[in-house]
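Structure, as structure tokens:
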Amino acid sequence: MTPSVELPKRRALGKGLESLLPGRSGFTSTPPPPPAAVAAPDEGKPRDLLVEQIEHNPFQTRATVDESALKELAASIAATGVLQPVLVRPLANNRFQLIAGERRWLASKLAGKPTVPAIIRHASDEQAMEMTIVENLQRADLNPMEQARAYDRLSHDFKMTQEQMAQRTGKDRASVANFLRLLRLPLEVQHKVETGNLSFGHARTLLSLESPEAILKAAQKVSALSMSVRQTESYVQGLLNPEKKPKGEEKAKEPLDPNVREARDLLQRALGLKVSIEDKNGKGRVIIEYARLEDFDALLETIAGK
């Protein structure tokens, strides 16, 4: 057997914005020279910037903003100010572009604050995009589809493996793989997950079904009946393993041992694929079925960590 080769580990970014301060980011590419409007010694030191000087972040991962939560944050900022500076990079004409802290910036505008504390960081487009995506993934308020698309951008735009993405965001690699699998859902089902009509648990269970048509049909029923995740699991298992009545001389199938059934269900939830376990007196085999090459690649990466 050919020994596996470990990829060089990339140091994970720490939580919050501390990890994005100069000397801690881990980026190796050389940033562009700073515009004349901002002196280099100011980098890393919080300073007040006019709210109107700051422009929206074009690399923002979050697609929607909770208006009620934004109003609550604005009320807090109106009373106590912004407790954590936003992160920006300088543009021409004494303008700045957000890298992280969009909710604080929007809430400051909503609260009528003329300025907001900011840390200036000289960063290329690529660096700014990666910092934005990673910082958002370290937060807990992205919906599952936003997280899935963020990981997908890290994979395609920065050629990161699932292991590298897990290291950079401080997440478990299996979680990264599960989020990426959500992108295999039909667009209508993705929208249900994005709006909260279906949870991450619902979506992961539905991925056990083989075809987009079957997933969509099941998702519509799950949503219409307001099924819990556990009910959805039972429903999907019924679709995957319909009971067959004995005909003629055919013998009825022996009931599956509860422990084996639990192990099978656990594997199906973890892998997002159909799993069968044939067991007899503690010996047997595990059969994992896949319908697309992408499913096989994801399975291989999950099991082998490659």
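The values are calculated or read from the model by the stated rules, or taken from the named source; none is laboratory data. What you are looking at is a predicted structure, and each value in this text was computed from that prediction instead of being measured. Here Cβ is always computed from backbone atoms with ideal geometry, including for glycine, and neighbour counts include all displayed protein chains.
Would you say Ala79 is free of Cβ contacts under 8 Å to residues at least 12 places away in the same chain and surrounded by fewer than 17 Cβ atoms within 10 Å (Cβ to Cβ)?
On the way: free of Cβ contacts under 8 Å to residues at least 12 places away in the same chain: yes; surrounded by fewer than 17 Cβ atoms within 10 Å (Cβ to Cβ): yes.
Yes.
Note down all Cβ pairs under 6 Å where the first residue falls in the range 254-267 and is closer than 15 Å to Ile287 by Cβ, the second is at pLDDT 75 or above and of a type outside the set (Lys, Arg), and they're at least six residues apart or on different chains.
Qualifying pairs under 6 Å: Val260/Ile277; Val260/Asp279; Arg264/Val275; Arg264/Ile277; Leu267/Val275.
Do we find a residue being in a loop (DSSP other than H, G, I, E, B), within 11 Å of the chain's Cα centre (by Cα) and surrounded by fewer than 21 Cβ atoms within 10 Å (Cβ to Cβ) anywhere in the range 142-155?
Step one: of the range 142-155, the residues in a loop (DSSP other than H, G, I, E, B) are 142-143.
Filter again for within 11 Å of the chain's Cα centre (by Cα), leaving 142-143.
If we keep only those that are surrounded by fewer than 21 Cβ atoms within 10 Å (Cβ to Cβ) as well, we get 142-143.
Yes.
Considering only residues of the range 43-58 that are surrounded by fewer than 19 Cβ atoms within 10 Å (Cβ to Cβ) and under 27 Å from the mean Cα position of the chain (by Cα), which is farthest from Tyr151 (Cα to Cα)?
Checking each candidate, the answer is Glu55.
Take Val176 and decide whether it is at pLDDT 95 or above and assigned to a helix (DSSP H, G or I). Don't jump to the end; show me each part of the working.
Numbers: at pLDDT 95 or above: no; assigned to a helix (DSSP H, G or I): yes.
So Val176 does not fit the description; no.
Return the only residue of Ser223, Ser234, Ser208 being at pLDDT 85 or above, more than 17 Å from Arg184 (Cβ to Cβ) and in contact with a helix residue (DSSP H, G or I) (Cβ under 7 Å, 6 or more places away or on another chain).
Numbers: Ser234 fails: in contact with a helix residue (DSSP H, G or I) (Cβ under 7 Å, 6 or more places away or on another chain); Ser208 fails: more than 17 Å from Arg184 (Cβ to Cβ).
The conditions single out Ser223.
Can you pull out the residues in the range 64-81 that are outside any helix (DSSP H, G or I) and within 27 Å of the chain's Cα centre (by Cα)?
To start, the set of residues in the range 64-81 that are outside any helix (DSSP H, G or I) comprises 64-66, 81.
Residues satisfying the conditions are Thr64, Val65, Asp66.
From the residues in the range 38-75 that are polar (S, T, N, Q) and in contact with a strand residue (DSSP E or B) (Cβ under 7 Å, 6 or more places away or on another chain), which one is modelled with the lowest pLDDT?
Taking the candidates together, the pick is Asn57.
For the range 82-106: of the residues being at pLDDT 90 or above and assigned to a helix (DSSP H, G or I), which is surrounded by the fewest Cβ atoms within 10 Å (Cβ to Cβ)?
Looking at the filtered set, the residue picked out is Leu106.
Take the residues in the range 187-201 that are within 20 Å of Ala291 (Cβ to Cβ) and buried (at least 18 other Cβ atoms within 10 Å of the Cβ); name whichever of them is nearest to the chain's Cα centre (by Cα).
Taking the range 187-201 and keeping what is within 20 Å of Ala291 (Cβ to Cβ), we get 187-190.
Next cut, buried (at least 18 other Cβ atoms within 10 Å of the Cβ) only: 189-190.
Values: Val189: 16, Gln190: 13 Å.
It comes out as Gln190.
Which residue is nearest to the chain's Cα centre (by Cα), if the candidates are limited to the range 107-122 and must be assigned to a loop (DSSP other than H, G, I, E, B) and more than 16 Å from Lys45 (Cβ to Cβ)?
Initial filter on the range 107-122 (assigned to a loop (DSSP other than H, G, I, E, B)): 111-114, 121-122.
After this cut, where a residue has to be more than 16 Å from Lys45 (Cβ to Cβ) as well, the list is 111-114.
Values: Ala111: 30, Gly112: 33, Lys113: 32, Pro114: 34 Å.
Restricting to residues being assigned to a loop (DSSP other than H, G, I, E, B) and more than 16 Å from Lys45 (Cβ to Cβ), the top hit is Ala111.
Met129 - would you say it is assigned to a loop (DSSP other than H, G, I, E, B), within 23 Å of Arg89 (Cβ to Cβ) and aliphatic (A, V, I, L, M)? Walk me through how you get there before you give the answer.
Details: assigned to a loop (DSSP other than H, G, I, E, B): no; within 23 Å of Arg89 (Cβ to Cβ): yes; aliphatic (A, V, I, L, M): yes.
The answer is no for Met129.
On the given criteria, is Met129 surrounded by 19 or more Cβ atoms within 10 Å (Cβ to Cβ) and within 25 Å of Leu50 (Cα to Cα)? Don't jump to the end; show me each part of the working.
Values: surrounded by 19 or more Cβ atoms within 10 Å (Cβ to Cβ): yes; within 25 Å of Leu50 (Cα to Cα): yes.
Yes: the conditions hold for Met129.
Identify, please: which residue in the range 260-306 is assigned to a helix (DSSP H, G or I) and acidic (Asp, Glu) and is, among those, farthest from Met165 (Cα to Cα)?
Narrowing the range 260-306 to residues assigned to a helix (DSSP H, G or I): 260-271, 293-304.
Filter again for acidic (Asp, Glu), leaving 262, 265, 294-295, 297, 301.
On the way: Glu262: 31, Asp265: 27, Glu294: 19, Asp295: 19, Asp297: 17, Glu301: 13 Å.
Only one residue fits best here, namely Glu262.
Just to be sure I understand the filter: pairs with C-beta atoms under 6 Å, separated by 6 or more residues or on different chains, first member in the range 232-249 and farther than 30 Å from Arg204 by Cα and outside any loop (DSSP other than H, G, I, E, B), second member modelled with pLDDT of 90 or more and among the charged types (D, E, K, R). Which pairs pass?
Listed pairs, sorted by first residue: none to list.
Leu183 versus (1) in contact with a Leu (Cβ under 6 Å, 6 or more places away or on another chain); (2) part of a helix (DSSP H, G or I): which is the lone unmet condition?
(1)
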